[in-house]
Amino acid sequence: MLPNAGLKPAYDKAVWMYVYRDFTQSPADVKAERVSLRLSVTSWPQLVLVDPDTVEVVGSTGRTEDTFLRAVDRAAARVRASETSAAADRIADADARAAELESSSNVQLARRYLDDDDIVVRYRALHVLAEKDPKFVAKQAVALLQVPNDTFRYDVCTTLGTVGRKDARGALESLVRNPVHSRNPNVLRIRAVSALATCGNRDSVSAIRPLTRGSYLNGLTGTAIKSVVEIAKSDPTARAEVRQILIESFPQQLEETPVHARYCLALAKTVNAALADVTGKQQAFPETYDESTRQHLIGAWTNAEP
């Protein structure tokens, strides 16, 4: 999109800010990370419009000239110019609190800052507690999963996957079904589905089931399959349903390309191994995987004794 002469009508309607991360955790990268955290950006590139007074995202531009110019016009009509430095002052104060946590990893300080008004401070607190007191995080997970920030919720889900907390099941299932307030819903679903492998039970299978038949190019599909297997292993009452889900999950190759063939084959092998794990039985995987052998595997597993 940039540079682009077609965007000239938008040049003077906004202050343009370029944020670059190299993930080295250098001082410059930490500053860029804080910007990304505040805007809930977890994939790149992103083009977002931000109200400078509230530091809230008020629009996304898309990646065409038309969508970009329309989004800028909408935001310009909504946001009023201001001479106040209040937002900058709030961020400076919050960055100072975040720096305390970055330098000390103090658990008591992290517990206090976990409810801070600023998301960067909350995230730094969560990071400390996830490492040093994960049970404290898990105990509050239901409330923490409501925080409308992807990076924050990713880490809550990861902690739940490690600690396990059955009373967080409902909140995780809600994110799987409807990942609200997310700029990266696919990854948020991956994290929530992974956590359900530890926190879920038979009732969780219905929330995960649609995802087990997703694209073999999407990592969420394999994660969903692995999670329902773990649920079946921990909750025997789920095994019959999971067995049927897996039988229905053998993928069909959509395009005759090496990339599609490789990913489709990998997922098919994952499904076959998952069925063996759940049932304790074996079906030999064919030398080649195509529609004919796919149907053979489905039939063999369907006709095998449960």
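Considering the stretch 178-194, the residues that are of a type in the set (Val, Ile, Thr) and over 11 Å from LEU145 (Cβ atoms) include one that is surrounded by the most Cβ atoms within 10 Å (Cβ to Cβ), namely VAL193. Just one of (1) within 16 Å of VAL15 (Cβ to Cβ); (2) in the same structural domain as PRO9 (by TED's automatic domain parsing); (3) surrounded by 14 or more Cβ atoms within 10 Å (Cβ to Cβ) fails for ILE91. It is (2).
Taking (1) surrounded by fewer than 15 Cβ atoms within 10 Å (Cβ to Cβ); (2) at pLDDT 95 or above in turn, ARG239 satisfies each apart from (1).
Screening TYR123 against (1) of a type in the set (Ser, Thr, Tyr); (2) within 24 Å of VAL180 (Cβ to Cβ); (3) in the same structural domain as THR54 (by TED's automatic domain parsing) leaves a single unmet condition, (3).
Scan the stretch 180-195 for residues that are of a type in the set (S, T, N, Q) and within 30 Å of THR61 (Cβ to Cβ) and jot them down.
Applying the first criterion (of a type in the set (S, T, N, Q)) to the stretch 180-195 yields 182, 184, 186, 194.
If the condition is that a residue be of a type in the set (S, T, N, Q) and within 30 Å of THR61 (Cβ to Cβ), then SER182, ASN184, ASN186 are the ones that fit.
For PRO306, the conditions (1) over 28 Å from PRO185 (Cα atoms); (2) touching a Lys or Arg at 6+ places or on another chain (Cβ under 8 Å); (3) surrounded by 14 or more Cβ atoms within 10 Å (Cβ to Cβ) are fulfilled apart from (3). With respect to the conditions (1) at pLDDT below 95; (2) aromatic (Phe, Trp, Tyr); (3) closer than 26 Å to ASN178 by Cα; (4) outside any loop (DSSP other than H, G, I, E, B), TRP44 lacks only one, and its number is (4).
Based on what the data block shows, is VAL72 in contact with a helix residue (DSSP H, G or I) (Cβ under 8 Å, 6 or more places away or on another chain), surrounded by 12 or more Cβ atoms within 10 Å (Cβ to Cβ), part of a helix (DSSP H, G or I) and of a type in the set (Val, Ile, Thr)? Taking the combined requirement at face value, the residue satisfies it.
Take VAL58 and tell me if it is of a type outside the set (Asp, Glu), surrounded by 15 or more Cβ atoms within 10 Å (Cβ to Cβ) and closer than 22 Å to GLU33 by Cα.
Numbers: of a type outside the set (Asp, Glu): yes; surrounded by 15 or more Cβ atoms within 10 Å (Cβ to Cβ): yes; closer than 22 Å to GLU33 by Cα: yes.
Yes; evaluated as a whole, the condition is true for this residue.
Results for (1) within 26 Å of GLY59 (Cβ to Cβ); (2) surrounded by fewer than 17 Cβ atoms within 10 Å (Cβ to Cβ); (3) at pLDDT below 95; (4) in contact with an Asp or Glu (Cβ under 7 Å, 6 or more places away or on another chain), shown as yes or no for each residue.
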| site | (1), (2), (3), (4) |
| --- | --- |
| GLY164 | no, yes, yes, no |
| LEU175 | yes, no, no, no |
| ALA197 | no, no, no, yes |
| PRO210 | no, yes, no, no |
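Scoring TRP44 on the criteria (1) among the hydrophobic types (A, V, I, L, M, F, W, C); (2) surrounded by 15 or more Cβ atoms within 10 Å (Cβ to Cβ); (3) within 25 Å of the chain's Cα centre (by Cα) leaves a single failure, condition (2). For the stretch 146-161, the criterion of being touching a Pro at 6+ places or on another chain (Cβ under 7 Å), outside the structural domain of LEU101 (by TED's automatic domain parsing), closer than 26 Å to LEU246 by Cβ and not in a loop (DSSP other than H, G, I, E, B) is met by none of the residues.
The values are calculated or read from the model by the stated rules, or taken from the named source; none is laboratory data. Fair warning: this is a prediction, and the values are worked out from it, not measured in the lab. Glycine also receives a Cβ, built like all others from the backbone with ideal geometry; neighbour counts cover every protein chain displayed.
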